[in-house]
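Trainee: One structure coming up, written as structure tokens, with questions to follow.
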Amino acid sequence: MSLKYSFVTPLTSMVVTKPETEDGTDSPLIADKLTEEQRQQAERLSYRYVPPAYHPPPPTYFVDGDPHFMIELPDRDDALCFNINDMPGTIFNLVRDPEQGILVNGETIGDKKIPPDGKINTYFWRFGIIHQTLGVRLEVSTQDISVLQGSKRVKLLWSGTASFKGPNMDLLLTKDRSLTVTLKDSVKFVVLLHKVWKKHPYHRDYLGFYTLDSHLLSPSVHGLLGQFYHGIEYEVSDLRPGEVPEKPDATMYVKGQELNVTRGWQRDFRRDVKNGENVPCWFIHSNGTGLIDGEAADYIVSGLFKTV
């Protein structure tokens, strides 16, 4: 008990009361006190003890769905989210680190036809990933994965499971589910494949993009996701009823601005690629205006491997 509840240290002595004996006497037992040498040794040892620190999981940054951007912040037990709506075929820059030579762009695709409600949903269906320093280029689509490293070109199909270990890059392809990309000394990404019933009248297969480790990227990293890799400072106050009872509004102070935000949730599909897990988040309206630097149009590029 003394160890469990930490009420005795090497520098204290303890009186233990012996249970009452048959003759009714209650004689105390005194634990031996430490000698001066033992006390000094215990003192030295006690200074060496460092209690284990709590390390929350690292933040996760991802885009999934039509398309929902999410910044999960476990150290605050919170998350921020926003949508980007644009025409199908638009290519957005997600990550750009000019110092490391890393680039990630994503191209959107629309539904097969306009649904009855008239809203055009867009999803990411193709990602271009470059690491110039390592000489790596990947094109990941809903159909297949092309890997170009130096003069070697490999094509992988989602219909199989494969593992590729190279000097600068590791790939792990899980059949019809995910591709994990680990780039040496820099970053770890996961691309999730969402397969939709082929005869679905509206929806198509699409992809999700998750950053699992980004702490080695340079301070100049940017992009729709990359700008958050080194943290985001914000405060939320003035919680009040919103349009929907279970989704209250609030005021967010971020980047020197006051934004009206709404408490909602988005789904994280890493553990369950079919149904996902609901993650509560503060939703920033109007394509993330006020949270992202500039506006959504600033992140549109002309090609899958282009920076402008």
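The values are calculated or read from the model by the stated rules, or taken from the named source; none is laboratory data. Bear in mind the structure is a predicted one, so any value in this text is a computation, not a measurement. Note that we place each Cβ from the backbone using ideal geometry, even for glycine, and neighbour counts take in every protein chain shown. With ligands, DNA and RNA removed, areas are computed over all heavy atoms of the protein, side chains included. Shrake-Rupley method; radii C 1.70, N 1.55, O 1.52, S 1.80 Å.
Trainee: Mind giving me the nanometre distance, one decimal, between the label points for D213 and S286, set 7 Å out from Cα along Cα→Cβ?
Mentor: Result for the modelled spin labels: 4.0 nm.
Trainee: Which GluC sites (Glu not before Pro) does the stretch 254-299 hold that lie in a coil by DSSP with at most 15 other beta carbons within 10 Å?
Mentor: E295
Trainee: Could you bin all the Cα-Cα distances of the stretch 121-232 into 10 Å bins starting at 0 and give me the percent of pairs in each, rounded to whole numbers?
Mentor: Whole-percent P(r) values from 0 Å outward: 12, 44, 32, 11, 1.
Trainee: Roughly speaking, what is the centre-to-centre gap between the stretch 204-241 and the stretch 147-176 when only Cα atoms are used, to the nearest Å?
Mentor: 26 Å
Trainee: Could you tally the net charge around Y299, taking each other residue with its Cβ under 15 Å from the Cβ of Y299, Lys/Arg +1 and Asp/Glu -1? Intermediate results must be reported in sequence, preceding the final value.
Mentor: On the way: positive: R96, K306; negative: D86, D97, E107, D293, E295, D298.
Counting the neighbours of Y299, the net charge comes to -4.
Trainee: On to the next question. Please compute the modelled spin-label separation between S237 and R270, points set 7 Å along Cα→Cβ, answer in nm with one decimal.
Mentor: 3.3 nm
Trainee: When only DSSP loop residues count, what trypsin sites (Lys or Arg not before Pro) in the stretch 100-140 have their Cβ near at most 12 other Cβ atoms within 10 Å? Walk me through the intermediate numbers first.
Mentor: Working: sites: K112, K113, K119, R126, R137; in loops: K112, K113, K119.
Qualifying residues, ordered by number: K112, K113, K119.
Trainee: Given a 1.4 angstrom probe, what's the average accessible area per residue across the stretch 74-182, in square angstrom?
Mentor: Numbers: 5180 Å² over 109 residues.
Per-residue value: 47 Å².
Trainee: Work out the FRET efficiency for S220 and K112 from their Cβ-Cβ distance, taking R0 = 51 Å, and round it to the nearest 0.05. Before the final figure, lay out each step's value.
Mentor: Numbers: r = 40 Å, r/R0 = 0.78.
So the FRET efficiency works out to roughly 0.80.
Trainee: What's the FRET efficiency of L172 with K247 using the Cβ-Cβ distance as r and R₀ = 35 Å, to the nearest 0.05? Before the final figure, lay out the partial values.
Mentor: On the way: r = 37 Å, r/R0 = 1.07.
My answer for the efficiency is 0.40.
Trainee: Ordered by packing density, taken as the mean number of other Cβ atoms within 10 Å over each peptide's residues, highest first, how do 147-159, 180-192, 261-273 rank? Walk me through the intermediate numbers first.
Mentor: Details: 147-159: 13.4, 180-192: 19.1, 261-273: 17.0.
Highest-to-lowest ranking by the protection proxy: 180-192, 261-273, 147-159.
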